[in-house]
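Accompanying notes for the structure given below.
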Amino acid sequence: MKEIKDKMIAQINAAFPEAVNKAYDGNRLDFTVHKDAIPGFLSHMKDQLGFRHLSHIAYVDWIEENEFELVYLLWSPTDKVKLFVHTRIDRENPVMHNIDMIWRQANTYQREIKEMLGIDFPDMVAPDEFILEDWDDIPPFRRDFDTLEYVNRTFWHRPGREDAQDVRETISKRSGEEIPDFAKKYSR
Amino acid sequence: MREKATTLYLGPQHPGITGNMMVRLKVMGDTIVSAQTEVGYLHRAFEKLQERRNWLNSFTLMCRFCVPETDPMENLYARAVESLDNIEVPERAKYIRVMVLELARIATQLMWYAGQNGSLGLYTMGQWSIGDRDYILDLFEQLTGGRVYHMYQWPGGVRRDLPEGFEGKVLRTLDYLEKRLKDYDDLMFSNSIFQKRTQGVGYVPKESIIEHGVVGPVLRGAGIRSDIRIDEPYEVYDKLDFEIPTQEGSDIWARALVRRAEVHQSIRIIRQVLDQMPKGEFNTSIPNPMKWRVKAGDTYVRAESARGEVGYYAVSDGTIHPRRMHLRGAAYVHAITLLENILPGQNVADVSAIMNSLGTCAPEIER
Amino acid sequence: MSFFDLQGTLKPLTALKQFGKKPHTLKDIPWKKREASDNYRGLHFNDIDECIGCGNCSTICQNAAIDMIHLEGVEGKKGDSGLRPRVDNGRCCWCALCVEVCPTGSLSLTKDYIYVTEDPDAFLWTPGISNPDGEERKSYVSTHELSLNHFNRIPMPELEGKERIKSFAEVVLGYNEEQAREEASRCISCGICTEVCPDHMHIPEYINAIAAGDDKEAVKIIYDNNPLPEMCGKVCTRRCEDVCAIATRGDSVAIRWLKRYATETAATADITHEIVNPEIREANGKTVGIIGAGPSGLTAAYYLALRGYDVTIYEASAKAGGATMYGIPKYRLPIESLEKQIGYIQSIGVKIKFNTKVGKDISFKEIYDKYDSVFMGVGFPDAWPLGVDGDDAEGSMQAFRYLYMINSGEKVDIGDKVVVVGGGNVAIDAARVSRRFGAEVTILYRRRVEDMPADWEEIEGAEDEGIHIIPQGIPTKIHKDEKGHVKAIEYLKAEMVADDKGGRPRPVAIEGSETVLEATAVMAAIGQMGDYSFLPKEFEEKITIERGRFVVNEKQQTGDPKVFAGGDAVNRTADAISAIADGFRACKAIDEYLSGK
């Protein structure tokens, strides 16, 4: 397995000198690529290196770094190697290249990413709505979309449960303990 | 005179057992001209909810991704967290997990028997297989405490050990099922109605396979021997002896034969598992769930469900909440682009049957 | 395949053979109930008496299905929040994680398959109240082995017994980072412990900060109401641990050791200042005089100084700390540790006048007149003598005095056979100190070992160091040699007699069981008492003393509104954390009194 991987790494480094490799055990191969290089990188992987199967396009919102991450997960049925291709997208300008001409199914993933994260794929042809209907809030999979706040705003609570107590508060009230504000984030 | 295309809405009530989704068809007479899927009827935002949950109570959502087939998702979550946090799973737990996964595969295929036949109007088969599936649910109830949602495999192993005398009950159920499968053959596979309605219907062209990320019985029904249990063995599949059945036809009939053979293979696997299962611990204890910080990192784990590859991309940022848990379901690729691609030219009456044979599961698409 | 396929038509007809078979389905449902499996996850059941209302079930439930509510007939008490879970079955997903995390094991799920009602509010279900008969149908339960709680404490590394008696080096070595994080992670943050802490420290918060790796934040939280936390981290009587929710089925979380770990982050007075970063209010021009630099006096002084008061402490000894400085052996509380904490208190502006005994070097009246308010934390400086025949012998002494002298650096002649009378921490301390000076030590106690009020860890430590404990022995006489020096101690064996009034069993001497034990020194450790001779007659009317203690109201105020008191001379628990609590309460009351709020 190691030899296969080393060979692949060498080939990828030769073809894409800017792709950054991270070493992992087992059958995992991991590269980080600039977002503009993604279509070329992926089609090279598919056509030249045997990564014929696109397993998944995963997405993560790294709001602290002001970036979105897309992870293309590829599988080589002949070499049994799993390839992770990471790329980062600026959160302020979320535009990404369409790859549904490489794998048609990517169309579905991209529709979801567009809707849930708000990344635009300018040259993708697909209906506007995927899962959501008449959504007028920020894309819900962004970290700054607060599910609880949305629920409280959108739905009402069935009456009958207002007498619920907080255990910590009940005890501190009874004993006269004053929990300072800065400590409260550590209460449960 | 030129015929005008009519728009026909199929769904979103359950067509067969495929869940709440809709296919908007343009038809000329009985023939489909184009198809457009529409989902969004049961989006529950499980993956979003996990942002608020901790590493343990996230796991209770897992089984809900696909109702007829709950266990591979639990298995994936457990393995994803274990691989992030380097948790060692006891050997016995791995065997128990394989047993559960294979029982689940049989239960799912029995449910599929019902759906596939139901979508063709052959209801007797459905009543039989759903009834027989309940015997497996009985086993699940005894093992896990739940019939449909088991919430049994969790990070570290499984929640409870096998109850006393459980192995015997499993074997008796398997014996019974093997007998019943012969009845199924008579009623279903020998049935000329079933044959005529499935042979040559729902053809998936070979060139679509890579294009659409086709997996599972659909892939094997097209003659490709591929199965994650062999390609990337997890748990103890590498220690078990079983075959990967394939068929050449790439139509509903071929896929039905693949599934039929898989039930037999599952029975074979469970017998081996019961035979080889070691004694010992069934669980590694995890930290206090409320304060459990999983090591930062990312991972992608895969499993072969009855409908094909399901995968889980998991990210931890080292806090008590999962950063991201992203499911890849078999239905996610089959039931949208592939379905839209193969429906044109087919008969309207076959749509449900085709959806069934592709392993459509709307809850898995929307999560 | 031909158009008419004979086999394909006939074979399906074989299904007709099923007609003769008995159906699988159960008849008579729902009248006849189907028995669920042995670990079925049905409706909740809660053993109301066993439940302590920690709310862990409610915390793990992310469906927000579990509320903690007040129930009629369930009163909150120490170790019990008084709340009980109520389940909204409309939200429950029957994952049973609430059962898995229940520390007491009171919560379980039953075998109930079917529950039908027309009342939509009937789904709000108080387990154990709504289904009192659920006990018999319990199926999914949490056992000690299966529970997700971690019932075993991370053991504290210690010096070995043989090593210990060679020196006064600290016995307890402290957790390292990994151990502390792991131990802190056992806590379920219920906060039940905070109620029994006399000072109501914010225990779940600082433990959670440690678990999260924020040690400095933990120190800050601890300093919110305890200015001597490192001392408490080493020697606190930690009643919090007695009521720990985890202790219902396992070892309590090592709250004291975790505090100790956190405070080690603040290695010097300067670093402490940097971490705590206290907000010191501008001087308000008011002054407070404090008598005694023990834990209560130091606490009152620290928090008063933070609030802008000009605080001066008068201390009779050469060092501050009171009983924690002079009464606790250095192998439990090293002198540097205490001096560091006192140094920090001084660094924020508290003035301490050492070697100034009130009533001798300065009169009480003078302090009373000079300051806007006075706090007395005078403690119990004297100890009870044994009060038996021969008590006046040379070599017969009080353990408390002995510890004071050793801690002051004086030499005390104890010979090689020491008998300590008593079963409290002072007795154990004196015994273990004597052991470190090479003596053979015996502890003589009236009751059984399990009745000893000393910490179990101290008793175990003493035994490890080779100290012999004679339980159920009542001293009657001290034998003197010709020079008037202790030669032996005579005692009667006792049997334990149940108390008719329901109290703990009493020791009753067995006649004729006289035993003589050779000794070169006898130390009485049967209690301390106050010395109030500094208080002039004119104050006696207002500042009253009852049963050896000052009488104060709930704000630590004496009959003279200007004078407050705390510590051993006031409370009956007589430990450092109670003294700190008194000091903290007095600070708030003095602030109120002086600011006129």
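At-a-glance table
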read-out: Efficiency of FRET from Cβ geometry, B:ASP317 and C:GLU177, R₀ 22 Å, rounded to 0.05; value: 0.60
read-out: Alpha-carbon centroid distance for the pair region C:307-322 / region B:187-222, whole angstrom; value: 89 Å
read-out: Convex hull of Cα atoms in chain C, direction-averaged projection (nm²); value: 43.7 nm²
read-out: Antiparallel content of DSSP bridges confined to the protein assembly as shown, in %, to 5; value: 70 percent
read-out: Segment C:TYR115-C:GLU336, length gained on full extension (0.36 nm per residue, minus Cα span); value: 73.0 nm
read-out: Point-to-point label distance, A:ASP120-C:GLU274, nm (Cα→Cβ direction, 7 Å offset); value: 5.0 nm
read-out: Residue-averaged [θ]222 nm for chain C, counting only DSSP H segments that reach four residues, each worth -39500 (n - 2.57); value: -7500 deg cm²/dmol
read-out: Amide hydrogen neighbours beyond the local backbone of B:THR319, cut-off 5 Å, H modeled; value: B:VAL294
read-out: Order of B:HIS321, B:HIS150 - criterion: other Cβ atoms within 10 Å of each residue's Cβ, fewest first; value: B:HIS321, B:HIS150
read-out: Spatial extent of region B:205-361: Rg and Dmax, with the Cα atoms as the point set, Å; value: 18.9, 57
read-out: Fewest-first ranking of C:PHE168, C:PHE380, using other Cβ atoms within 10 Å as the exposure measure; value: C:PHE168, C:PHE380
read-out: Over 22 Å (Cα to Cα) - which of A:LYS82/B:LYS291; C:LYS319/C:LYS340; A:LYS7/B:LYS94; A:LYS22/B:LYS295; C:LYS417/C:LYS477; A:LYS2/B:LYS94 fall in this group; value: A:LYS82/B:LYS291; A:LYS7/B:LYS94; A:LYS2/B:LYS94
read-out: Per residue Cα convex hull volume in Å³ - calculated over region C:442-495; value: 88 Å³
read-out: Protection proxy ranking of B:114-127, C:151-164 - average other beta-carbon atoms within 10 Å, highest first; value: B:114-127, C:151-164
read-out: Shielding of C:201-207 by partner chains, average beta-carbon count, 10 Å; value: 5
read-out: Calculated FRET efficiency for the pair C:THR544/B:ASN86, C-beta based, R₀ 51 Å, to 0.05; value: 0.20
read-out: Computed FRET value (nearest 0.05) for C:ASN89 with B:ASP238, which takes r as the C-beta separation and R₀ as 60 Å; value: 0.85
read-out: Size of charge dipole - the protein assembly as shown - debye, nearest 20, with Cβ of Lys, Arg +1 and Asp, Glu -1, no other charges; value: 2040 debye
read-out: Separation in nanometres of the label points that stand 7 Å from Cα toward Cβ, at B:ASP30 and C:LYS353; value: 11.2 nm
read-out: Shielding of A:58-71 by partner chains, average beta-carbon count, 10 Å; value: 3
read-out: Partner chain coverage, peptide C:191-197 - average Cβ within 10 angstrom; value: 5
read-out: Inverse mean reciprocal Cα-Cα distance (Kirkwood Rh) of the protein assembly as shown, Å; value: 34.8 Å
read-out: Karplus (6.51, -1.76, 1.60) ³J(HN,Hα), θ = phi - 60°, over region C:153-169, in Hz, Gly and Pro reported as x; value: 6, 6, x, 7, x, 9, 5, 6, x, 5, 5, 4, 6, 7, 7, 9, 4
read-out: Protection proxy ranking, peptides B:82-92, C:276-286, average beta carbon neighbours within 10 Å, highest first; value: B:82-92, C:276-286
read-out: For B:ASP231, C:ASP499, B:ASP298, C:ASP481, order by how many other beta-carbon atoms lie within 10 Å, fewest first; value: C:ASP499, C:ASP481, B:ASP231, B:ASP298
read-out: Subset of C:LYS370/C:LYS542; C:LYS562/C:LYS588; C:LYS330/C:LYS555; B:LYS48/C:LYS216; C:LYS286/C:LYS353 violating a 23 Å alpha-carbon distance limit; value: C:LYS330/C:LYS555; B:LYS48/C:LYS216
read-out: Separation in nanometres of the label points that stand 7 Å from Cα toward Cβ, at C:THR143 and C:THR515; value: 4.4 nm
read-out: Other-chain or far-sequence residues with amide H under 5 Å of C:LYS480's (modelled H); value: C:LYS487
read-out: Inter-part distance where region C:244-298 and region A:71-124 are each reduced to a Cα centre, Å; value: 54 Å
read-out: Partner lysines for C:LYS501 [C-alpha distance under 28 Å; skip if fewer than 8 residues away on the same chain]; value: C:LYS77, C:LYS78, C:LYS493
read-out: Residues in region C:296-326 that a label on C:ASP361 would reach, taking backbone N under 12 Å of a point 7 Å out along Cα→Cβ; value: C:313-320
read-out: Convex hull per residue volume in Å³, alpha carbons only, for region C:44-140; value: 94 Å³
read-out: Rounded Å value of the spacing that divides the Cα centres of region C:162-223 and region C:93-155; value: 31 Å
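Values in this text are rule-based calculations from the coordinates and carry no lab data. Computed from a predicted structure; not experimentally measured. Neighbour counts run over all protein chains shown; Cβ positions are idealised from the backbone, glycine included.
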